Ligand code: RP5
C-alpha cells in the first residue's frame, strides 16, 4: 500500500533476505536525518508493484534511489529505466560470493546508468553516503554533516593506538 509521507530517498531490496545487508543504508540515512522509506520489491517477482512504488515515491519527493539485489541483480537497472533520479546499486552477497550480483549491477549498457557500489554492507553504507552527497547539493546543512562525518572518521584514524 502506498504511504503518504514526504521522503527524500528510498531503499529498495529484492527480498527480505537482503535486509541485513541493506540495513546500514537505512541507518546511515537516519544518522543524517534523511527522510526515507525501505521497501521489499522485486524486479522479476513484483514488477508492477515496483513501478507503482517508484512513481509514488517520486510524487512524495524522493530524489534518489538505492537498490540492493542478489544473483541476477537487475533491480537497480530496472529502477534506473523508470526514473531520471540517481540510482545507486548495492550487490548482495550470493551463492557466487556476490560476483554475479556485482556484474549484473555494474555492467549496465551505455544510456541507463546505475552507480554500482561494493558488494555487501560497505556498499550499502556508501550508497547512502552518496545519496546524502546528492541531496547535499541542494541542502547546505547536509553538506556540513558530511564534512563532520568525515572529520570524525579522520580523527578516529589519527587517534589509533597499537598494542
Ligand atoms: C534476489 O534474489 C534478491 O535480491 C535476493 O538477493 C536473492 C534471493 O532472494 P530470496 O530467495 O532470499 O527471496 O531477487
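Nothing in this text is a laboratory measurement; each read-out follows from the coordinates by a stated rule. Quick caveat, the model's predicted, so the values are computed rather than measured. Neighbour counts are summed over all protein chains in view; Cβ atoms, including those assigned to glycine, are modelled from backbone coordinates with ideal geometry.
Answer with yes or no whether residue 46 is within 11 Å of the ligand (Cβ to nearest atom), on the phi < 0 side of the Ramachandran plot, free of Cβ contacts under 8 Å to residues at least 40 places away in the same chain and crowded, with 18+ Cβ neighbours inside 10 Å.
Taking the combined requirement at face value, the residue does not satisfy it.
How many residues are more than 23 Å from residue 120 (Cβ to Cβ), in contact with a helix residue (DSSP H, G or I) (Cβ under 9 Å, 6 or more places away or on another chain) and assigned to a helix (DSSP H, G or I) when one looks only at region 17-72?
Counting residues in region 17-72 that are more than 23 Å from residue 120 (Cβ to Cβ), in contact with a helix residue (DSSP H, G or I) (Cβ under 9 Å, 6 or more places away or on another chain) and assigned to a helix (DSSP H, G or I) gives 4.
Can you confirm whether residue 102 is over 16 Å from residue 13 (Cβ atoms) and part of a helix (DSSP H, G or I)?
Numbers: over 16 Å from residue 13 (Cβ atoms): no; part of a helix (DSSP H, G or I): yes.
For residue 102, the condition - over 16 Å from residue 13 (Cβ atoms) and part of a helix (DSSP H, G or I) - is not met.
Every residue in region 78-99 that is within 13 Å of the ligand (Cβ to nearest atom) and in contact with a strand residue (DSSP E or B) (Cβ under 8 Å, 6 or more places away or on another chain), please.
Across region 78-99, the qualifying residues are 79, 89, 90, 91, 92, 93, 94, 98.
Somewhere in region 64-73, is a residue more than 16 Å from the ligand (Cβ to nearest atom), closer than 28 Å to residue 109 by Cα and surrounded by 16 or more Cβ atoms within 10 Å (Cβ to Cβ)?
Yes, there is a match, as at least one residue in region 64-73 is more than 16 Å from the ligand (Cβ to nearest atom), closer than 28 Å to residue 109 by Cα and surrounded by 16 or more Cβ atoms within 10 Å (Cβ to Cβ).
Any chance region 118-131 includes a residue that's out of contact with any helix residue (DSSP H, G or I) (no Cβ under 9 Å at 6 or more places or on another chain), within 27 Å of residue 37 (Cβ to Cβ) and either touching a residue at least 60 places away in the same chain (Cβ under 8 Å) or in a helix (DSSP H, G or I) (or both)?
Checked region 118-131: at least one residue is out of contact with any helix residue (DSSP H, G or I) (no Cβ under 9 Å at 6 or more places or on another chain), within 27 Å of residue 37 (Cβ to Cβ) and either touching a residue at least 60 places away in the same chain (Cβ under 8 Å) or in a helix (DSSP H, G or I) (or both).
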